[in-house]
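Below is one structure, written out as structure tokens; the observations come after it.
Please treat every number below as a calculation from the coordinates, not as lab data. It should be emphasised that the depicted structure is a prediction, and the values quoted were computed from it without experimental measurement. Please note: Cβ atoms are built from the backbone with ideal geometry, for glycine as well, and neighbour counts cover all protein chains shown.
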Amino acid sequence: MQRDRLSRTTMQRATGCELPGYDLAQATPGIVHLGVGAFHRAHQAVYIDDCLAAGETGWGIVGASLRSPDTRDALAPQDGLYTLAVQDASGDRLRIIGSLRELLVAPEDPALLVARMADPATRIVTLTVTEKAYLRNAAGDLDLSHPDVARDVETLSSPRTVHGFIVAALAERRRAGTPPFTVLCCDNLPSNGETVRRLVLQFAEAADRDLAGHIEQEVAFPSTMVDRIVPATTDEDRARISSAIGFEDAWPVKCEPFMQWVVEDHFTLGRPGWERAGVTMVSDVRPFEEMKLRLLNGAHSGLSYLGLLCGRESVSEAFTDPAIRGFVDRLWAEAIPTLPKGAGLDPQAYIAALSDRFSNPALVHRTAQIANDGSQKLPQRILATARARLSDGGSADHLMLAVAAWIACCEARGKALPAGHFTDPLDKELEAVFTGRPSSADTVRQVFERAGFDAILGDARQKLAHTAALHLETIRRNGAGAAIEAAAQERASA
Ligand code: CS2
């Protein structure tokens with residue numbers, strides 16, 4: 001059925017949904033966001049929408065994509081408006097979000113994005129560009145040999161990398177006498193503000209030393225913990241949601257009811273009154289972030305790789321499989337003792353809530369989606385936990401089973417799993433390892449080396465690689481179910 005497009009003019013006639021509780025004209029831009037994907041649109045853009053509805057002004061978002069024009073192509077004809085579908089067992093709760101006021105595509109006009117970031121109205125630059133866009137090398141430093149980094153370091157006139165854009169815009173502000181914006185990284189990285197600060201400084205050191213000194217002195221990079229489960233939108237979602245609101249929405253987003261944002265309160269040019277929208281402002285985000293990365297994201301990755309090997313397509317399907325559920329419980333039991341003590345965390349309440357979130361039957365979150373980019377995710381979700389666990393004298397058997405399952409899934413693509421079922425920046429190198437058909441021990445050794453895992457595992461490297469190799473061997477010979485079972489028995493007899 002041909003419907004009119006959702007837009008500023010049609011919105012008032014939309015049905016079955018909540019409309020922005022403010023005049024869009026009051027949402028003049030104050031934030032530039034890099035990486036305007038589904039997660040941003042279901043998380044930060046919603047908090048800002050709530051702030052605008054509570055009467056704040058001047059905090060609209062300019063959203064930029066660093067690669068593809070798809071989001072802009074879908075949302076620009078809709079005046080930046082889109083539907084948020086909050087899903088639980090009772091169905092979809094629909095709401096039109098209005099906080100995204102302009103959409104840019106960086107490669108089409110890098111200078112325009114730099115100009116928006118350099119505009120005095122821009123007070124915060126936020127990022128969700130995914131782990132791999134930070135272009136870190138095995139030691140966790142900026143990969144200065146990456147062609148895009150090398151090019152941006154050489155000339156900042158039309159950047160390609162996230163570091164290039166930030167540094168080019170900060171340079172422009174400095175030239176113009178505009179104080180720097182605050183950089184707020186919202187990716188799932190450990191100490192994300194501190195990490196991005198280090199990478200940006202390494203970039204600036206290489207590009208312009210004097211500027212590096214300015215950034216070091218003047219620019220704030222608070223850390224944050226962001227949380228909301230946001231599965232990729234499907235064509236079925238587009239059709240169902242468009243039909244419900246009575247207008248064509250080319251790219252709605254869907255998510256779970258739960259949302260959380262913990263932010264370190266250090267903003268040099270002010271910030272929205274986020275507390276009004278339920279954001280927790282703190283002085284140190286680390287305890288929250290470690291709990292989330294290790295318990296939520298660690299379990300997500302583990303259950304996704306084992307789920308894929310056991311033919312489970314979604315998180316809820318995998319999580320309600322008793323064998324996989326048992327695995328997740330035991331993984332949590334390994335991870336919880338590694339969390340910071342005395343920080344007021346309540347890991348038991350946290351995993352109880354996670355169990356409900358992972359079982360949400362209405363939310364189809366594909367295990368293949370979470371499987372993407374494992375080489376970038378496992379270090380902070382699993383490996384850091386395993387290392388900490390070992391240094392406390394505990395066992396990291398289930399944590400390393402998650403790593404073995406990742407390797408087995410990568411190896412299974414084009415065989416038991418469809419080719420290209422998920423992707424990883426390390427794919428070429430992984431492929432080179434697998435074609436030699438090495439033993440399990442050799443496979444783990446080579447993969448760890450190429451993925452830079454050895455540096456993260458430090459002196460626990462040999463022991464943990466050995467554990468992963470035993471699991472990989474069981475998966476190869478007898479399947480993932482047998483490996484889960486063997487790890488469970490090992491735990492029972494310990
Ligand atoms: C997931 C996360 O795709 C993934 O790797 O683990 O995106 C997860 O859904 C979010 O971090 C939840 O906040």
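Spin-label model, Ala333 to Ala139: label points 7 Å out along the Cα-to-beta-carbon direction sit 4.0 nm apart.
Placing pseudo-labels 7 Å out from each Cα toward the beta carbon at Glu18 and Asp148 gives an inter-label distance of 3.6 nm. When the alpha carbon coordinates of segment 311-371 are projected onto the principal axes, the ranges are 39, 21, 20 Å, largest first.
Taking 22 Å as the straight-line reach from the Cα of Lys428, the lysines in range (excluding those fewer than 8 positions away in the same chain) are Lys132, Lys377, Lys415. For Glu256, neighbours were defined as the other residues whose beta-carbon sits under 15 Å from its Cβ, and their charges (Lys and Arg +1, Asp and Glu -1) total +3. When restricted to Cα atoms, the chain yields an Rg and a Dmax of 22.7, 67 Å, respectively. The lysines whose alpha-carbon is closer than 18 Å to the alpha-carbon of Lys254, local same-chain residues fewer than 8 away aside, do not include any residue. Computed over the Cα atoms of segment 31-82, pair by distinct pair, the Kirkwood hydrodynamic radius stands at 11.6 angstrom.
Only helical runs count toward this figure. For the chain, summing -39,500 (n - 2.57) over DSSP H runs of n ≥ 4 and dividing by all residues gives -14000 deg cm²/dmol at 222 nm.
Between the alpha-carbon centres of segment 436-460 and segment 24-87 there is a gap of 41 Å. Of all lysines in the structure, not one has an alpha carbon short of 17 Å from that of Lys463, not counting any fewer than 8 places away in one chain. Ranked by the mean number of other Cβ atoms within 10 Å of their residues, highest first, the peptides 389-395, 408-414 come out as 408-414, 389-395.
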